[in-house]
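What follows is a short report on a single structure.
Coordinate-derived values only; no laboratory data. This structure is a prediction, so every number in the text was calculated from the model and none was measured. For neighbour counting, all protein chains shown are included, and Cβ atoms are generated from backbone atoms with ideal geometry for every residue, glycine included.
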Number of protein chains: 2
Amino acid sequence: MEKTSTATPSRSVTVRAITVLGAFDATHRALNLSQLARRSGLPLATVHRLAADLIEGRLLVRRPDGRYEVGARMWQLGLLAPPTALRELALPHLQDLVAGTGHTVHLAVLDGPSALVIDRLAGSRTLPTRHSPGGHLPLHCTAVGKALLAWSPADVLEQACAGMTRHTPYTLTDPRLLRRQLDEVRQTGIARSAQEHRLGVSSLAVPVHGHNGVVAALGVLAPLTTPRLTSALAHLRTASASASADYMRSELDGGVQQAEPPPGEPAP
Amino acid sequence: MEKTSTATPSRSVTVRAITVLGAFDATHRALNLSQLARRSGLPLATVHRLAADLIEGRLLVRRPDGRYEVGARMWQLGLLAPPTALRELALPHLQDLVAGTGHTVHLAVLDGPSALVIDRLAGSRTLPTRHSPGGHLPLHCTAVGKALLAWSPADVLEQACAGMTRHTPYTLTDPRLLRRQLDEVRQTGIARSAQEHRLGVSSLAVPVHGHNGVVAALGVLAPLTTPRLTSALAHLRTASASASADYMRSELDGGVQQAEPPPGEPAP
DNA sequence: GAGGCGCTTCCGGTGAATGGAAACGATATG
DNA sequence: CATATCGTTTCCATTCACCGGAAGCGCCTC
């Protein structure tokens, strides 16, 4: 994993404590002290102290067997983050989409250099998809990723073009091709991926809009054998439009909030 | 000359940083710097620095309008906490319960001196209940609370008896009465509350079991006018049994994990 | 009983945290 | 335009809490 060499580029204690939290992930939900130290790249004694503080703050808890895990307090705080609001708002439309198409659906947002999966609902003809809520998907070779990328600021696109890692023989790795595809995505409002991320899986995605641009992407996954994915398109568009409408409504209520209220009008 | 105001006499920086996080709640999802300082009881300059660190660690984000809010990273970390696993595991059974009874249902766990709501599904005949996931309910005057309290360690019961605050004219405030009710709950396996927390609302709850005791409580809420809440009881018991079975299964898989494996047996 | 592993505690040196204060900026008020 | 108010950012001297190697302790294995 990481080399302890540059061990302390982080000056602040706070950042170090957060580094400790970062040692946990979906496949490491409970760690003992040594693992925690190893995975966070910090000295054992330091982690011991930091973990004690995190427990005092209830972000971590210590189980009877001595291992640490993420505490319920973290869960509570996480509920206050934007993804929760988006998820709840979009859920009914995701359900409609699953009901209408029978396929697995994804809702994702842009998160730095990748797409963060906000929710995933399995269709009746379930594909063996792993990426659950909280997981990341690459931007350059998934439908939701491309949908997000198509309306991303330049620096994100730059970064994505720089790191086009190959996942299957079908993965695009030429930035020029990707840019051309994104032009098309912007024009048609639809992003596609055919086995570019996983063999045997095609997907289709559309953007979800807020008042200030694209806020998420909504996609369906289907086995390659599916005859006409195009039939899913109408459902996708409907769901996206409904979700967008609800999202913009919530922006007005301050439920999700975005930037400052539109200026210009002098008070009456 | 330290000013011991309401502030935290907290020694460690980490705990202070977490105090800043604690300034956010369901009704304060976005705060500017001054509010953050005021609500966390720390000096402005200190909060300014801590918030910068928290942003560097991505637990907070700063919106274009300058206000802070909880970041997606916190949401991701929160997904690793036990409540998420429990919630997903129990969801199908909560849905069955709603379908079977038509009432609003609650899933809650013990969290210090109160019950933490893990999930809430609104029934068709929706009651105006607020307590959403992440919220707290009192232990002494709600059905889920009593169900949890009945199998809690002595110190929790002690604490609950000490703080029996009145919510309605029907709220029990005599510890002796509460203890007697809890005896009954242990005997029958059912906890009840009739308008003790909210006027016009009765509720019924049962415990959910893990291998090491009660891990959660499952309850239904209904308007007082509902004729026979007893009919919901069978559904409750079924749902609870199914959820318990699933939970214990997940304990074996290490999905939820609990304490150490049972000792005693020398290896075969 | 020797060796290995993981957790906890200790402690002196030091560098990072602290927070009052002042500068800065935006928005009301006279 | 001048002044007041409020929120944010920056500065800096002081001091105090963080740091982490190392030693001690408990437990298991060979």
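Working note: Cα atoms of region A:154-257, range along each principal axis, descending, whole Å: 46, 36, 22. Remark: chain A carries a charge dipole of roughly 1000 debye about the Cα centre, counting +1 on each Lys and Arg Cβ and -1 on each Asp and Glu Cβ.
For peptide B:12-23, the mean count of partner chain Cβ atoms within 10 Å of a residue's Cβ comes to 6. The convex hull built on the alpha-carbon positions of region B:82-253 has an orientation-averaged projected area of 9.0 nm². Measuring r between the beta carbons of residue A:158 and residue B:99 and using R0 = 60 Å, the FRET efficiency lands at 0.75.
How charged is the neighbourhood of residue A:187? Take every other residue with its Cβ under 14 Å from the Cβ of residue A:187, and add Lys/Arg as +1 and Asp/Glu as -1.
+3
Shielding value for B:110-116 is 2, the average number of Cβ atoms from other chains within 10 Å of each residue's Cβ.
Distances between equivalent label points of residue A:242 across the copies, with each point positioned 7 Å along Cα→Cβ, amount to 2.5 nm, shortest listed first.
Listed by number, the DSSP H helices of chain B that run 30 Å or longer by alpha-carbon position along their axis and have mean Kyte hydropathy of at least -1.0 are B:230-253. Using the Cβ-Cβ distance between residue A:242 and residue A:187 with R0 = 22 Å, the FRET efficiency computed as 1/(1 + (r/R0)^6) comes to roughly 0.45.
In percent, what relative contact order does chain A have, based on Cα pairs under 8 Å that are 6 or more apart in sequence?
Over chain A, the number comes to 14 percent.
Calculated on the Cα set of region B:13-77, radius of gyration then Dmax: 10.5, 29 Å. Given A:185, A:133, A:245, which one lies farthest toward the positive end of the charge dipole of region A:82-253, if we put +1 on the Cβ of every Lys and Arg and -1 on the Cβ of every Asp and Glu? In region A:82-253, that residue is A:185. Each other copy places its own label point for residue B:165 at 5.0 nm from this one, sorted shortest first, where the point lies 7 Å along the Cα-to-beta carbon line. Here the translational diffusion coefficient of the protein assembly as shown follows from Stokes-Einstein with Rh set to the Kirkwood radius across Cα pairs; for 4 °C and 1.567 mPa s it amounts to 51 µm²/s.
In this calculation the C-beta distance from residue A:231 to residue A:179 is compared with R0 = 30 Å, giving a FRET efficiency of 0.55. Sorted shortest first, the distances from the residue A:183 label point to those of the same residue in the other copies are 8.3 nm; each point sits 7 Å from Cα along Cα-to-Cβ. Here's the picture: charge each Lys and Arg Cβ at +1 and each Asp and Glu Cβ at -1 in the protein assembly as shown, and of B:106, B:50, A:99 the one pushed furthest to the positive end of that dipole is B:50. Rounded to the nearest 20 debye, the dipole size of the protein assembly as shown about its Cα centre is 180 debye, using +1 on the Cβ of Lys and Arg and -1 on the Cβ of Asp and Glu.
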